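The values are calculated or read from the model by the stated rules, or taken from the named source; none is laboratory data. This structure is a prediction, so every number in the text was calculated from the model and none was measured. Please note: Cβ atoms are built from the backbone with ideal geometry, for glycine as well, and neighbour counts cover all protein chains shown.
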Amino acid sequence: MRTHKVIGAVILALAVAIAAYSVWWWQAASAVERGVLAWIEEQRAAGTMVEHRGLTVTGYPLSIRAALEAPHLATRGVEWQGTRLVAEAPPWNHTRIALDLPGEQRLTLVQANQPPFALQAKGGGAGHVLLTFGGQPVELQLGLKDLVAQPEALPVPVAALDLTATQPAEPPAGHGDAGLSVSATASGVTLPQEAPGSLGRQVERALVTARVMGRPPKPEPASLSAWSRDGGTVQLDSLKLDWGPLKLAMNGTLALDAALQPQAALTAEVRGFQAVLDALQGVFRPKELAFARTMLTMLARPAEPGGEPVLTAPVTVQNQALFLGPLKVAALPPLVW
């Protein structure tokens, strides 16, 4: 009789615990649903277009899984359309949220007087968001695969794209500390047939890491102007490109001028620059190209005795033009904010 009472008490305690956990889980799931819907309304009130075809919250008992069907977001020249977005975390730990983007994802960037740039991730992607206990996001990581840049215009396949953005839990007080750090790595890029033969069609890797110094501004003229006047800059920690014989490494500082156009003071290390000059045949006149080849060869130094020459040169951006040393390489289109 006593054994039966003990077993009955244990079953009752388990039933009460399960019922209490179930109530707690449903409350947590309802809070997540309300939070997502409130965020959508906040974005719409701020002028961002946010659409979807349904929100569901599932995952009982071991996770809370919020799924947004056909998400569509557009703001300030940036548009994203996806098949599905799934965010999932255990209900007892909301500081790490796993992200899953199954199906096709498409990002479009539009600048005035410029053709739009589109990036289509046919293989979807996955990643995570890290939050503080107070709910402040401090890291976003996203990996996309099987991509195509400019799918309708001039398709450029990209095997993988990895993106990471981090920010401190508290905004920096001044411009001596980073308010946002970002990195992007593209690998396995296949260029069109028109790619320069001296460089080849395969870009093995393109990497960029940068830090926005101070509190990051909003992408609107008033905020950007105030940030720039206050001394805001972007530190380009590393820009690397491995494209056939061309090996490029660059770092330096970027800023905005009074017209909110980019300006930069960078240092570049270039290996394989002779192949670049070969690719520029037909762009410059033969005498100009021969002069550039002679000057660059004189400025280059061997990385090691008998090694490949390395060209170290200043790279500047000013007055909407890109300069390699004193040589104007290209005119740049204006940025419209």
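Observations on the model:
- If the condition is being surrounded by fewer than 17 Cβ atoms within 10 Å (Cβ to Cβ), modelled with pLDDT under 85 and in a strand (DSSP E or B), then the range 309-337 contributes Pro309, Leu327, Lys328, Val329, Ala330.
- Of everything listed in (1) under 16 Å from Asp146 (Cα atoms); (2) assigned to a loop (DSSP other than H, G, I, E, B); (3) of a type in the set (A, V, I, L, M), the single unmet condition for Ala186 is (2).
Conditions tested, residue by residue: (1) under 24 Å from Pro116 (Cβ atoms); (2) not in a strand (DSSP E or B).
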{"residue": "Gly8", "(1), (2)": "no, yes"}
{"residue": "Ala15", "(1), (2)": "no, yes"}
{"residue": "Gly35", "(1), (2)": "no, yes"}
{"residue": "Thr56", "(1), (2)": "no, no"}
{"residue": "Ala66", "(1), (2)": "no, no"}
{"residue": "Glu79", "(1), (2)": "yes, no"}
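- Beta carbons closer than 6 Å, at least 6 apart along the sequence or on distinct chains, pair a first residue in the range 220-233 that is surrounded by fewer than 17 Cβ atoms within 10 Å (Cβ to Cβ) with a second that is in a loop (DSSP other than H, G, I, E, B) for Pro221/Trp337; Ser223/Pro217; Gly231/His175.
- The range 160-183, subset surrounded by 15 or more Cβ atoms within 10 Å (Cβ to Cβ) and small (Gly, Ala, Ser), residue farthest from Leu99 (Cα to Cα): Ala178
- Against the list (1) surrounded by fewer than 16 Cβ atoms within 10 Å (Cβ to Cβ); (2) among the β-branched types (Val, Ile, Thr); (3) touching a strand residue (DSSP E or B) at 6+ places or on another chain (Cβ under 7 Å), the condition Val57 fails is (1).
- Within the range 28-76, being closer than 19 Å to Asn93 by Cβ and among the aromatic types (Phe, Trp, Tyr) holds for one residue alone: Tyr60.
- Pair list, Cβ < 6 Å and 6+ apart or interchain, from the range 79-104 residues that are more than 12 Å from Val129 (Cβ to Cβ) to residues that are of a type in the set (S, T, N, Q) and surrounded by fewer than 18 Cβ atoms within 10 Å (Cβ to Cβ): Glu79/Thr108; Pro90/Ser63; Gly103/Thr83; Glu104/Thr83
- Output for the range 125-167, where each listed residue is part of a loop (DSSP other than H, G, I, E, B), over 14 Å from the mean Cα position of the chain (by Cα) and over 22 Å from Gly77 (Cα atoms): Thr132, Phe133, Gly134, Gly135, Gln136
- Of the criteria (1) within 23 Å of Thr75 (Cα to Cα); (2) among the charged types (D, E, K, R); (3) not in a loop (DSSP other than H, G, I, E, B), which one Arg205 fails: (1)
- Meets criteria (farther than 24 Å from Glu220 by Cα and at pLDDT 90 or above) for Ala268: yes
- Scan of the range 51-87 for residues that are more than 20 Å from the chain's Cα centre (by Cα) and within 18 Å of Thr108 (Cβ to Cβ), ordered by number: Glu51, His52, Ala70
- Screening the candidates Leu248, Leu241, Leu147, Leu199 for the property of being free of Cβ contacts under 8 Å to residues at least 24 places away in the same chain, more than 25 Å from Thr48 (Cα to Cα) and buried (at least 16 other Cβ atoms within 10 Å of the Cβ) yields one hit, Leu248.
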